[in-house]
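Below you'll find the structure, written out as structure tokens, and then a few comments.
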Amino acid sequence: MEVKEKENIIVTEDIIEETKEKIEKNNEFHIINDYETQTKSDVLTIFGILSFSFILILLIIFCTFTIINSKNDNIINGISIKGIDVSGLSKEEAKQKISEYINSSIPDEIKLKHNDFEVALSTSQLSIYFNTDEAIEIAYQFGKSGNIFQNNLIILQALLAKIDIDPGFSIDENQLKTSLHDISNKLPDKVIESSYYIDNNNLILTKGSEGYTIKIDETANYIINNINNLNIKNNTLEIITEKQYPSKIDLDSIYNQLYKKPVDAYYTQNPYTVYPSEEGLDLAISLDEAKNLLVNEQNEYSIPLKTLYPNITTNMIGTEAFPDLLSEFSTKYDARNRNRTTNLVLASNKINGTVLMPGETFSYNKIVGERTIEAGYKEAPIYVNGRIEDGLGGGICQITTTLYNAALYANLEILERSNHQFIPSYANASRDATVVYGAIDFKFKNNREYPIKITCSVSNGIANFKIFGLKTENDYVVELSSRITKTTATSIYSEAYKTLKKNGNVVSTETLSKDIYKKH
């Protein structure tokens, strides 16, 4: 190896070779690096151009999409109501389409069944209502109520995922449940509860039997869901029922409801009020004895009852409780006819002292009762098929006629009145009233504000009726009149009128009756 020395620097050939190799390698690195740098730059440029183009395309699509949707005045695509597609429809078109569909899906009746028992509910009574207007408005606002980004997003979601709107629904649940209660009572295999009723003077207890009853809430919800889902046309819904057993006869509870103390009648003068008497009711045997009757198993039990009478009845209240004479009317009779007179006295005694509370109805046949030999009535002349014959209770129609006129003068409401076959001797035409037990009655109602009391007497050839009560500012002076309007060979036609006056002035005139009598 050759060594050179110069200014203390020693350079070998090996070092020189090594240095040359490093320089060459370094030059190669710079060339490669410059190439790679240039390649990356070109890629980025191309990517940038592509990205810009893509964004530009998207922007163009977005703008075009936005402009198209902003001009759309119909419901966007992908929207349905109750499963019915309303895409692209106007509000009016959508309403018509949905309404027609819902109306066609709601029949006039909903068919229900329980085993072999079938029944129908009227849909018109249930006030079924679908809020289609609100649903259509919601559908219409999709893609229109937000900003452009929100609207476009909703439109895309509707296109991809579809949107179904369920309109608001309502029904008269109270009416539905009321109808179900009524149907439950009509089930052929319904539960029969133990019950009781009064027949004449006996308490009748009936034992119940097991059966089925409708589960009202569950059945109502089941029906409502099927209506809301429009699943009732051509579909029979099964009634949801449950088995029930009747409650046992609770005689203690029945007795507490049944027992009633008698109430004595009384009156007050300030304020003027009459409190009527009330009859009481009780078992005719002890409660323990009644319970012993229930030991034997049977479907029906009968327990005797007794009426508890008040010490002071309403009819026992004196006329001092009825301070004003409202009306009076009398008719004459032949006191020499003892049988007929007896009948008049018996009938008048039944009526004498009768008190009618406001709104109560007087029934002649109910108060006087059947005219029988046991009741003391005698044979006396009566009209039978146009002829005068003796009949049991003959003559009592004179009592009816006298009371009829007294009731008219008191301006009471006549409910039922019939004229005789012939004009009677004791009254003018159309001023009479006849009765036949079980067939023809005479009825009037106390239409006044306060109670009235009827008194009557039959003596010395005069049958007299008086009606007492309390006069008020609403009372009128009553005038009665009658006239014969036509006479034929066989008949007499007549009319009766009632005129009301106040302070001497006529307030009203009305026709009471138009009657036809046979000629004697």
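Just one of the numbered conditions (1) buried (at least 17 other Cβ atoms within 10 Å of the Cβ); (2) under 25 Å from residue 453 (Cβ atoms); (3) out of contact with any Pro (no Cβ under 7 Å at 6 or more places or on another chain) is not true of residue 377; which one?
Status for residue 377: all satisfied but (2).
So which strands (runs of 3 or more DSSP E) are wholly in region 122-241 and hold at least 1 residues that are in contact with a helix residue (DSSP H, G or I) (Cβ under 9 Å, 6 or more places away or on another chain) and open to solvent by 70 Å² or more (accessible area, probe 1.4 Å)?
Details: elements: 129-131, 163-165, 168-170, 195-199, 202-206, 211-214, 236-238.
Counting at least 1 such residues, we get 195-199, 211-214, 236-238.
Taking region 97-121, which residues are assigned to a strand (DSSP E or B) and closer than 12 Å to residue 230 by Cα?
Initial filter on region 97-121 (assigned to a strand (DSSP E or B)): 109-114, 117-121.
Across region 97-121, the qualifying residue is only 110.
Residue-by-condition table, conditions (1) in a strand (DSSP E or B); (2) open to solvent by 70 Å² or more (accessible area, probe 1.4 Å):
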| site | (1), (2) |
| --- | --- |
| 467 | yes, no |
| 471 | no, yes |
| 474 | no, yes |
| 484 | yes, yes |
| 492 | yes, no |
| 497 | yes, no |
| 500 | yes, no |
| 512 | yes, no |
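Collect the residues in region 298-325 that are outside any loop (DSSP other than H, G, I, E, B), open to solvent by less than 20 Å² (accessible area, probe 1.4 Å) and over 27 Å from residue 283 (Cβ atoms), keeping them in residue-number order.
Initial filter on region 298-325 (outside any loop (DSSP other than H, G, I, E, B)): 300-308, 314-316, 319-321, 324-325.
Retained after the next criterion (residues that are open to solvent by less than 20 Å² (accessible area, probe 1.4 Å)): 301, 303, 305, 314, 321.
Result: 321, single match.
Out of all the residues in region 440-458, is one or more in a loop (DSSP other than H, G, I, E, B), in contact with a helix residue (DSSP H, G or I) (Cβ under 7 Å, 6 or more places away or on another chain) and in contact (Cβ under 8 Å) with a residue 24 or more places away in the chain?
Scanning region 440-458 turns up at least one residue that is in a loop (DSSP other than H, G, I, E, B), in contact with a helix residue (DSSP H, G or I) (Cβ under 7 Å, 6 or more places away or on another chain) and in contact (Cβ under 8 Å) with a residue 24 or more places away in the chain.
Starting from region 497-512, keep only residues that are over 27 Å from residue 419 (Cα atoms), then list their pairs with residues that are surrounded by 12 or more Cβ atoms within 10 Å (Cβ to Cβ) and among the charged types (D, E, K, R) whose Cβ atoms are within a distance under 6 Å, requiring at least 6 positions of separation or different chains.
Close Cβ pairs (under 6 Å, with a partner that is surrounded by 12 or more Cβ atoms within 10 Å (Cβ to Cβ) and among the charged types (D, E, K, R)) do not exist here.
Being crowded, with 20+ Cβ neighbours inside 10 Å and not aliphatic (A, V, I, L, M) is the filter here, so list the residues in region 328-350 that pass it. Even if it seems obvious, please write down each step before you answer.
Quick first cut of region 328-350, residues crowded, with 20+ Cβ neighbours inside 10 Å only: 329, 331, 333, 340-341, 343-344, 346-348.
The answer is 329, 331, 333, 340, 341, 343, 348.
Do we find a residue being open to solvent by 40 Å² or more (accessible area, probe 1.4 Å) and within 15 Å of residue 237 (Cβ to Cβ) anywhere in region 88-107?
no
I need every pair where a residue in region 483-495 that is at pLDDT below 95 has its Cβ under 9 Å from the Cβ of a residue that is exposed (fewer than 13 other Cβ atoms within 10 Å of the Cβ) and acidic (Asp, Glu), sequence separation at least 6 or different chains.
Pairs that qualify, where the first residue is at pLDDT below 95 and the partner is exposed (fewer than 13 other Cβ atoms within 10 Å of the Cβ) and acidic (Asp, Glu): there are none.
Of everything in region 260-297, what is polar (S, T, N, Q), under 26 Å from residue 195 (Cβ atoms) and either within 39 Å of the chain's Cα centre (by Cα) or assigned to a loop (DSSP other than H, G, I, E, B) (or both)? Give them in sequence order. I'd like the intermediate steps shown before the answer.
Kept after step one, since they are polar (S, T, N, Q), are these residues of region 260-297: 268-270, 273, 277, 286, 292, 296.
Among the residues that remain, those that are also under 26 Å from residue 195 (Cβ atoms) are: 286, 292, 296.
Correct list: 286, 296.
What are the pairs with Cβ atoms under 8 angstrom where one residue, in region 92-119, is without any contact (Cβ under 8 Å) to a residue 40 or more places away in the chain and the other, located anywhere, is in a helix (DSSP H, G or I)? Sequence gap at least six, or different chains.
99/132; 108/123; 108/124; 109/123
Identify, please: which residue in region 394-439 is part of a strand (DSSP E or B) and touching a Phe, Trp or Tyr at 6+ places or on another chain (Cβ under 7 Å) and is, among those, surrounded by the fewest Cβ atoms within 10 Å (Cβ to Cβ)?
Kept after step one, since they are part of a strand (DSSP E or B), are these residues of region 394-439: 413-416, 436.
Checking the rest, the ones that are also touching a Phe, Trp or Tyr at 6+ places or on another chain (Cβ under 7 Å) come to 413-416.
Numbers: 413: 12, 414: 17, 415: 14, 416: 15.
Only one residue tops the list, namely 413.
Which one is farthest from residue 355 (Cα to Cα) among residues in region 455-479 that are in contact with a Phe, Trp or Tyr (Cβ under 7 Å, 6 or more places away or on another chain) and aliphatic (A, V, I, L, M)?
Checking each candidate, the answer is 478.
The values are calculated or read from the model by the stated rules, or taken from the named source; none is laboratory data. Only a predicted model underlies this, so the values are computations on that prediction, with no experimental measurement involved. Neighbour counts are summed over all protein chains in view; Cβ atoms, including those assigned to glycine, are modelled from backbone coordinates with ideal geometry. Ligands, DNA and RNA are stripped out before the accessible areas are found, and what is left, the full protein with its side chains, is counted by its heavy atoms. Shrake-Rupley method; radii C 1.70, N 1.55, O 1.52, S 1.80 Å.
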